[in-house]
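Every number in this text was worked out from the coordinates using simple rules, so none of it is lab data. Quick caveat, the model's predicted, so the values are computed rather than measured. Heads up, the Cβs are rebuilt from the backbone with ideal geometry, glycines too, and the neighbour counts pull from every protein chain shown.
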Amino acid sequence: MLRRIVKELRVHAPYTSLGAVSGIVIMAIIVYGNVPSRASCIAFYSLHPVHVLLSALATTAMYARYKKCKLWQALLIGWTGSIGIATLSDVVIPYFGGGLLHIPIEFHVPFIEKWWINLMALAGVAICYRKPVTRMPHFGHVLLSTWASLFYFTAFGIADWVPLLPFIFLFLFLAVWVPCCTSDIVYPLLLAGKDKTPS
C-alpha cells in the first residue's frame, strides 16, 4: 500500500504543479486587474461545491471498485472523503498558509455555512455507487481544488500578493497534492482493503 501511495503522489506531482501554475496566473490577473474580493468569494463558493462533487465521485468510485459495499458504507466513505478532505484542501491549508505568511485571513466552514454543499457530496456518491468510474474525475478534481484554494486566499485574505506568489505556489501545490491523492486514492483503498478484484 505504501508503494502505491508513493507512486500515486509521484505520478500526480507534475499535474499538481501545472494546476498551481494556473492558479498563480489567475492570481496575477486578479491583482493587476484589481478584481474585488467579492468576485473571489463568489468564485470560491462556486468552485468549492463542484470540487466536493468531483471528490465524492472519485472517492466513492475507488471504494466501490475495490470493495463490495452497501449503500450506507458508500455514503459514509464518499461523504467524509469529499467534505472532509475538500475542506482541508480548499480552506484549512490556505488558512494556515495565510497565517504562516502573516496574512490577515478569515476562517470559514463551507459545508456548515452552505448546507447544500452536503447534497453535492451525496449526489457524487449516488452517481458512482452503481457505476464506479475512476479515471475521469481526478484531473478536474486537481484543477478545481487548486482554483478553490486560490480563491479562498483572495476572497478572505488581505495582502500585497505579488511578492508572495512563490509562497502561494507552494501552498497551492501542497493544498492539492496530498489531500486530493488522499481523497481519491489512499482513503478509499485503505478502507476497502482487499475485498474484490477491481473491475
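What full-extension length gain, to one decimal in nm, is calculated for L76 and R10 as 0.36 nm per residue of separation minus the Cα-Cα distance?
Extra length from L76 to R10 when fully extended: 20.9 nm.
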Output ³J(HN,Hα) for the stretch 85-95: one whole-Hz value per residue in order, computed from phi by the Karplus curve 6.51 cos²θ - 1.76 cosθ + 1.60 with θ = phi - 60°, and x for Gly and Pro.
-> 7, 5, 5, 4, 6, 7, 10, 5, 5, x, 4
Spin-label point model (7 Å from Cα, Cβ direction): what's the K114 to S22 distance in nm?
-> 1.9
Which value, in debye to the nearest 20, gives the size of the charge dipole of the stretch 56-170 about its Cα centre, when Lys and Arg are +1 and Asp and Glu are -1 at the Cβ?
-> 960
Rounded to whole Å, √(5λ) for the Cα gyration tensor eigenvalues of the stretch 7-192, largest first, gives 29, 17, 13
Farthest toward positive dipole pole in the stretch 7-192 [+1 Lys/Arg, -1 Asp/Glu at C-beta], among G98, G23, L165 | G23
When the Karplus curve 6.51 cos²θ - 1.76 cosθ + 1.60 is applied with θ = phi - 60°, which whole-Hz ³J(HN,Hα) does each residue of the stretch 53-59 get, with x for Gly and Pro?
-> 4, 5, 5, 5, 4, 5, 5
